[in-house]
Amino acid sequence: MDINTMSATLINNSLPIITAFTVLIHIFCGLGIAKDIPKVLDRRLTTILLPKNIWILVGLVFGIWGLFIYWLIHHSTISRG
């Protein structure tokens, strides 16, 4: 076996594992936002910029970046509340 076939085999075998971890990370980000929303609603009347269900969807679709945007808007020092 040459290096090209070994590399291709390694990439093809690891792709399902990477996909599974990516899906799990996106699910955990959505669940994290869903768990944090009641704490945000205790401090203010509603979530900022989007309704709460859409924020959960943002966490599910965008993963870590969606969680980061949610945290930036609701919990960082640059947020108004």
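Bear in mind these aren't lab numbers, they're just calculated from the coordinates by the rules spelled out. Keep in mind it's a predicted model, so treat the numbers as computed, not measured. Note: ideal-geometry Cβ built from the backbone for every residue, glycine included; neighbour counts use all protein chains shown.
A few remarks follow.
- Cα-based Kirkwood hydrodynamic radius, the chain, one decimal, Å: 14.5 Å
- Relative contact order for the stretch 23-81: 41 percent, from Cα pairs under 8 Å spaced at least 6 residues apart, divided by residue count.
- Each Lys and Arg contributes +1 and each Asp and Glu -1, all at the Cβ; summed about the Cα centre of the stretch 23-81, the dipole is approximately 160 debye.
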